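Down below is the structure, laid out as structure tokens.
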Amino acid sequence: MTSSTSNKTLGVAAIGYAFMGKAHSNAWRNVASYFDVPAFEQKVLVGRDPVQVAEAAAKYGWSESATDWRTVLQRDDIHIVDICAPGWMHAEIATAALEAGKHVLVEKPLANTLAEAELMTAAAAKARARGIQSMIGFNYRRVPALALAQELITEGKLGTVRHVRASYLQDWLSNADSPMTWRLRKETAGSGALGDIASHAIDQIQHLTGQRVMEVTGTLRTFVAERQGPDGPEEVTVDDAVWATLGMSGEISASVEASRVATGRKNSLKLEIYGSKGALLFDLENLNELGFLDATAPVREQGFRRILVNEPVHPYIGAWWPQGHVIGWEHTFTHQIRDFLAAIDAGTPPSPSFDDGLQIQRVLAAIEESANNKSTLAVVDQPAPATEGP
């Protein structure tokens, strides 16, 4: 380990204790048990309700709880801030944390608006010059099967990638009687399925192929326009589903679909990647498996074969169980924390960076504008891809 962290225990503060806060807390609690990481301590969990955040802190392994994140940022014993709060809070907290000299991990999407994402990325660049690291949490990059897929593509097993199809389908809003939540209000969520889950699919398309989205044609749809809120019916102001065709920098044809009203689909991120020498298939609902077709084999032997990604030679798996003992969705967050800590320890920019998050934000904004204008739009002013960290 580097001298910068080897003699210092890193204090961690997490902001948010609901869905993502619980997932991240589980990762912080377990990562040092399975991976060699710098010494750290789960110092404080921050939330608005003092009773609930105190209960969550005790349950999830945090030493204490707090309700004022600004005060927490002033503490000298806090070195890392993990932002699991809703998107409308990301920009204010992240920029303040970076200015205070804290390393920052923030959940995706980077922000609710392009303007906020640009401010966050500028703050990250200034902090990086002072050795302060930042990362956005596209945790599916840490699914071992998808990490293996990237290795196979990089090794040329698929030849020239020609065509990618990505879909992310859920059904938790398929019932019209499901109540209103903050995720269905534009002022708090930014967008619906577009930012929530299509962002994951778009990140995977770019990450796996090494190409960026240059042009989009998008369609958004809200199927249930009104839902019951605490004070009566409320208008749903975000999308339920999104469809888009993507023009890529290297002439790959790509498409993405995302829906939170896809009846029967619980959490299905599907990827189909077709190349001149082979193809890959993946579904998050079977996250330990990768389908691989080798088109260079004799035709009489060709067909998709199932790779069970549970061997010690597969990405991340060596830290876990014997072969065939599958891992789960929660492990992606443990891998994410491991890689973030390793980057801080090495003093190298982690990946995906805020620059990567900003680029995804530009794609999301272009899809929304394309849908509103019924047009095809270029994705402009894209930064260069960030150097891959550990």
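The values are calculated or read from the model by the stated rules, or taken from the named source; none is laboratory data. Since this is a predicted model, take the numbers as computed values, not measurements. When we count neighbours, we look across all protein chains shown, and the Cβ atoms used for this are built from the backbone with ideal geometry, even at glycine. Note: areas computed on protein heavy atoms with side chains; ligands, DNA, RNA excluded. Shrake-Rupley method; radii C 1.70, N 1.55, O 1.52, S 1.80 Å.
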Return the residues of segment 321-365 that are in a loop (DSSP other than H, G, I, E, B), open to solvent by 30 Å² or more (accessible area, probe 1.4 Å) and farther than 30 Å from Trp243 by Cα; say none if nothing qualifies. Trp321, Pro322, Gln323, Gly324, His325, Val326, Gly347, Thr348, Pro349
Of everything in segment 84-106 that's open to solvent by less than 10 Å² (accessible area, probe 1.4 Å) and assigned to a strand (DSSP E or B), which residue is farthest from Phe340 (Cα to Cα)? Val106
Would you confirm, using the coordinates I've provided, whether Gln170 is among the polar types (S, T, N, Q) and closer than 25 Å to Trp329 by Cα? yes
Can you name the residue in segment 284-308 that is of a type in the set (A, V, I, L, M, F, W, C) and in contact with an Asp or Glu (Cβ under 9 Å, 6 or more places away or on another chain) and, of all such residues, is nearest to Gly328 (Cα to Cα)? Leu308
Taking only segment 107-133 into account, find how many residues are closer than 17 Å to Val81 by Cβ, assigned to a loop (DSSP other than H, G, I, E, B) and not polar (S, T, N, Q). 6
Within segment 45-65, of all residues that are in contact (Cβ under 8 Å) with a residue 24 or more places away in the chain and part of a strand (DSSP E or B), the one surrounded by the most Cβ atoms within 10 Å (Cβ to Cβ) is Leu45
Of all residues in segment 165-177, which are open to solvent by less than 20 Å² (accessible area, probe 1.4 Å) and either more than 15 Å from Ala244 (Cβ to Cβ) or in a helix (DSSP H, G or I) (or both)? Leu173
